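The values are calculated or read from the model by the stated rules, or taken from the named source; none is laboratory data. Computed from a predicted structure; not experimentally measured. Cβ: placed from backbone, ideal geometry, glycine included. Neighbour counts: every protein chain shown. For the accessible areas, the whole protein counts, side chains as well, though only heavy atoms, and no ligand, DNA or RNA atoms are used. Shrake-Rupley method; radii C 1.70, N 1.55, O 1.52, S 1.80 Å.
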Amino acid sequence: MKHYFEYQDSKSYKFWQVEMEASTLTVKYGKIGTAGQEKISNFESVEKAQKEMDKLIAEKTKKGYVQKTDASAKKVARRLGVGYDEAEEGKTLAEKVLAFLETTQAADVESLVIAAWEDAYENGPQDALGLLVANHGKLANLKELFVGDMDSEECEISWINQGDYTSVFTAFPALERLHIKGSTGLELSSLPLKHDKLKALTIECGGLPKKIIETIATAHLPNLEYLLLYLGVDDYGFDAKIDDLRPLMQKGLFPKLTYLGLADSGIANEVAMAIAQAPVLEQLETLDLSMGTLTDEGGRALLDSKKISGLKKLDLHYHYLSNAMMKEFKQLPILVDVSDQQTSDDDDWRYPAVTE
């Protein structure tokens with residue numbers, strides 16, 4: 001007996017499979033398109049093996065894995081970037097993008113990752129984005145775009161200069177997933193944002209500007225299922241108030257939205273108290289308030305909300321909750337992640353996980 005599952009979000013594209021033969025369970029997992037890893041477990045009886053398999057399947061289902069009859073095909077992906085030594089030699093991201101566009105592979109690529117570019121702390125990726133837009137006909141199958149995939153050694157997240165994505169939305173009407181890292185100089189769209197196919201939008205940064213929040217809150221994205229925004233702190237660009245976030249908490253703004261992340265927030269308690277009774281909870285499966293400065297004040301608002309129990313998952317990992325409140329969350333009839341507890345008795349020394 002074999003059960004096959006897949007999971008996909010803005011960062012992951014992976015599978016999990018469990019097969020039972022007599023009292024032996026074989027679990028395989030990994031990225032879609034690879035052989036993955038394998039783990040074999042033997043049990044004393046068929047009944048115990050069955051019980052363990054049922055438990056594992058329930059855990060994966062709660063995490064968002066979807067059962068499928070057949071494995072999805074491996075995505076054709078490409079990662080382009082300029083390393084430190086290459087930048088020192090005068091090479092540019094634009095040159096690499098242009099060379100890639102001249103290959104026959106470009107037409108097959110579904111997922112494109114733009115990694116580091118030269119002097120990202122001073123320059124944005126606009127030249128590279130312009131080349132992609134100008135040559136959109138050569139990227140007929142592009143469905144996923146991640147711009148800014150670099151670690152802190154290459155450029156601190158709050159220093160990453162970004163670009164203008166207005167033309168990207170127009171040039172790639174089939175785009176389903178957009179992931180942006182960095183918010184300095186970011187222009188999501190200078191026009192009213194409209195896109196009929198976009199399913200997932202992620203913006204990672206140390207501080208999300210109010211204008212970006214307003215662009216998203218007034219966007220027409222009828223197929224958006226996944227929205228993850230790192231709010232950050234005012235020292236690195238967050239200049240919004242809680243009222244600026246309330247439009248994102250209304251039911252039906254994005255009719256298909258099932259995952260909402262307002263993460264990495266320096267005002268996590270305010271966010272928690274505002275969203276605890278928000279209409280959007282009626283349509284969500286996952287609420288992600290992780291990596292912020294959440295304390296018992298915001299935690300109590302969530303626990304007192306009847307709407308929270310309608311979720312499948314509440315992600316609060318990296319928080320400043322007390323042990324007693326963590327215990328209360330673990331008693332909820334949904335999957336709650338309260339891992340990575342932080343400690344600080346001083347409000348001035350509580351920081352989100354990602355700021356610099």
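Filtering segment 118-139 to residues that are within 25 Å of S158 (Cβ to Cβ), open to solvent by 10 Å² or more (accessible area, probe 1.4 Å) and either assigned to a strand (DSSP E or B) or without any contact (Cβ under 8 Å) to a residue 60 or more places away in the chain (or both) leaves E118, D119, Y121, E122, N123, Q126, D127, G130.
Conditions (1) among the acidic types (D, E); (2) closer than 19 Å to I267 by Cβ; (3) at pLDDT below 95, marked per residue:
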residue	(1), (2), (3)
D296	yes, yes, no
L302	no, yes, no
M325	no, yes, no
Q341	no, no, no
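Cβ-Cβ contacts under 7 Å between residues 6 or more apart (or on different chains), taken from a first residue in segment 159-186 that is in contact (Cβ under 8 Å) with a residue 24 or more places away in the chain and in a helix (DSSP H, G or I) to a second residue that is open to solvent by less than 20 Å² (accessible area, probe 1.4 Å) and of a type outside the set (A, V, I, L, M, F, W, C), are listed as T166/S189; F169/S189; F169/H195. Contact map, segment 193-215: first residue touching a residue at least 24 places away in the same chain (Cβ under 8 Å), second residue part of a strand (DSSP E or B) and surrounded by fewer than 19 Cβ atoms within 10 Å (Cβ to Cβ), Cβ cut-off under 6 Å, separation 6 or more or different chains; pairs are K194/H220.
Condition check ((1) charged (D, E, K, R); (2) modelled with pLDDT of 90 or more; (3) surrounded by 14 or more Cβ atoms within 10 Å (Cβ to Cβ)) across all residues:
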{"residue": "M1", "(1), (2), (3)": "no, no, no"}
{"residue": "W16", "(1), (2), (3)": "no, yes, yes"}
{"residue": "Y29", "(1), (2), (3)": "no, yes, yes"}
{"residue": "I32", "(1), (2), (3)": "no, no, yes"}
{"residue": "K39", "(1), (2), (3)": "yes, yes, no"}
{"residue": "L56", "(1), (2), (3)": "no, yes, yes"}
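Which count do you get for residues in segment 299-356 that are in contact (Cβ under 8 Å) with a residue 12 or more places away in the chain, within 25 Å of the chain's Cα centre (by Cα) and part of a helix (DSSP H, G or I)? Adding up the residues that qualify gives 10. Just checking, does segment 161-174 include any residue being farther than 24 Å from P192 by Cα, of a type in the set (S, T, N, Q) and open to solvent by 10 Å² or more (accessible area, probe 1.4 Å)? No, there is no match, as no residue in segment 161-174 is farther than 24 Å from P192 by Cα, of a type in the set (S, T, N, Q) and open to solvent by 10 Å² or more (accessible area, probe 1.4 Å).
Looking at E47, E38, just one residue is in a strand (DSSP E or B), farther than 25 Å from L335 by Cα and among the charged types (D, E, K, R), and that residue is E38.
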